[in-house]
Amino acid sequence: MNNIGVRNGEAVMHVDVVVIGAGQAGLSSAYHLRRAGLEPGRGFVVLDHSPHPGGAWQFRWPTLTYGKVHGMHALPGMELTGADGNRPSSEVVGEYFARYERTFGLRVRRPVDVSAVREDEDGRLRVETSEGVWSARALINATGTWDRPFWPRYPGQETFRGRQLHTADYPGPQEFAGRRVVVVGGGTSGVQHLMEIAEVAAETTWVTRRPPVFREGPFDEEQGRAAVALVDERVRRGLPPRSVVSVTGLAVTGAVARARAEGVLDRLPMFDRITPNGVSWADGRTVGADVVLWATGFRAAIDHLAPLKLREPGGGIRVEGTRATRDERIHLVGYGPSASTIGANRAGRAAVRGIMRLLERRVDPVGTEPAPAGR
């Protein structure tokens, strides 16, 4: 059971560590907290605002089958085996995450919305949620980016008579049959959407801010480390993180090679204006459109940490490893260089090691039992 106290007539649940988010990063962190000797409930709690297990995967479009997924890495301690590549990835990964939570007894609490994390009495953290208040000695933020889709703003956007949607709401290609579709964005999702839609749409146009970089051949370990280092450098400088794929380029799979040969991936530079019937450029070029699909990425979902004043002037949270440099009690997992699935696993382990050292060093003023030594 949680250690529940009452303060000013308000019930407050005391734990050593609160984990916010139950995607790859949050579950990896919870697994390592258990291995370090903390128990769900009194030792730590995992709060997840999503309705079901699966993290952001549960919201993926149905045509993204598991066989099309690139770079899905198993959670620590339990492999994902025997998955049917023809099933939607949302189902496969959701079932895997649910089985993982049961196997390791992680007791994720959902749906719980975290509204704010503040400084609490006696050096603890006050985590305010839709299901009450938790008081913690340390916090692992594993909220990812799915809840913060980025919508660019362009002149005339409000005049467009067609439909605008973000990749977060992408329903699959069937709704674009017979339509003229402009896909905006040079990342993996934009390319996947474009290739699907091109098979059913009347016309597709691909628009990106920068020329896309296609990566031929294998992506070795040394290249991976170099890409992660570039993302990590931004985080160390307190700048908003960029995705790893933004520095690795787009892998040329068989499907991508065919789409390039067929002209589907012929890219146009970013338009200057949205018109009622499409988009236009300053040189007079126009493209008619019924739909604009913004595959423009996401931003880190960290607004609930604002009361702690962790942001740097550059707009991001400066992180050393996983620890916020402005507050050693806060670790960010799945942020910046650890946003990939394998990066989230490693970061979860690193965050727990740092937190266990902190718990052993600092006396808990609430008077709960000291944390056991990490294993």
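What follows is calculated from the coordinates using simple rules that are stated; it is not laboratory data. A quick note: this is a predicted structure, and the numbers were derived from the prediction, not measured. Neighbour counts are summed over all protein chains in view; Cβ atoms, including those assigned to glycine, are modelled from backbone coordinates with ideal geometry.
If you take the Cα centroid of the range 149-197 and the Cα centroid of the range 56-102, the two points sit 25 Å apart. In the chain, Cα pairs under 8 Å separated by at least six residues give a relative contact order of 22 percent.
Bridges between two residues of the chain, per DSSP, are antiparallel at a rate of about 45%.
How far apart, in nanometres, would the label points at Val252 and Trp151 be if each is projected 7 angstrom from Cα along the Cα-to-Cβ direction? Result: 3.7 nm between the two label points. To the nearest 10 degrees, how steeply does helix 188-198 sit against the main Cα axis of the chain, on a 0 to 90 scale? Once rounded, the angle reads 40 degrees. Comparing mean-square fluctuations of Arg323, Arg237, Arg260 from a GNM of the chain with C-alpha springs under 10 Å, the top value falls on Arg260. Across the chain, the convex hull enclosing all Cα atoms gives 153 Å³ per residue. Under a 5 Å amide H cut-off, with hydrogens placed 1.01 Å from N, Phe214 pairs with Leu250 among residues at least 5 apart or on other chains.
Fewest neighbouring Cβ atoms within 10 Å first, the residues Leu80, Leu106 line up as Leu80, Leu106. Annotation: amide H-H contacts under 5 Å for Val319 (H modelled 1.01 Å from N, sequence separation of 5 or more, or interchain): Arg236, Gly238, Thr325.
A crude spin-label estimate for the pair Phe59 and Glu360, with each label 7 Å from Cα along the Cβ direction, gives 3.9 nm.
Round to the nearest 10 and give me the degree value, 0 to 90, for the angle of helix 89-103's Cα axis relative to the longest principal axis of the chain. Relative to the chain, helix 89-103 is tipped by roughly 10 degrees.
Coupling constants for the range 299-314 follow from the phi torsions by the Karplus curve (6.51 cos²θ - 1.76 cosθ + 1.60, θ = phi - 60°), and in residue order they are 10, 4, 8, 10, 4, 5, 8, 3, x, 7, 6, 8, 5, 8, x, x Hz; glycine and proline get x. Applying 1/(1 + (r/R0)^6) with R0 = 35 Å to the Cβ-Cβ distance of Ser115 and Glu216 gives a FRET efficiency near 0.15.
When the chain is treated as a GNM with alpha-carbon contacts under 10 Å, the residue of Glu199, Glu233, Glu262 showing the greatest mean-square fluctuation is Glu262. Applied to the range 172-182, the Karplus parametrisation 6.51 cos²θ - 1.76 cosθ + 1.60 on θ = phi - 60° returns per-residue 3J(HN,Hα) values of x, x, 4, 6, 10, 4, x, 9, 9, 10, 9 Hz, with x for Gly and Pro.
At the listed q of 0.15, 0.18, 0.19 Å⁻¹, the Debye profile of the range 57-194, built from one uniform point per Cα, gives log10 I(q)/I(0) equal to -1.00, -1.16, -1.21. Across the range 32-48, coupling constants 3J(HN,Hα) worked out from phi with the 6.51/-1.76/1.60 Karplus curve, θ = phi - 60°, read 6, 5, 5, 5, 7, x, 7, 9, x, x, 7, x, 8, 9, 10, 10, 9 Hz, and Gly and Pro carry x. Among the GluC sites (Glu not before Pro) in the range 85-129, none is located in a DSSP loop while being surrounded by at most 12 other Cβ atoms within 10 Å of its own Cβ.
Between amide H atoms placed 1.01 Å from N, distances below 5 Å from Arg179 occur with Ala202, Glu203, all of them 5 or more places distant or on a separate chain.
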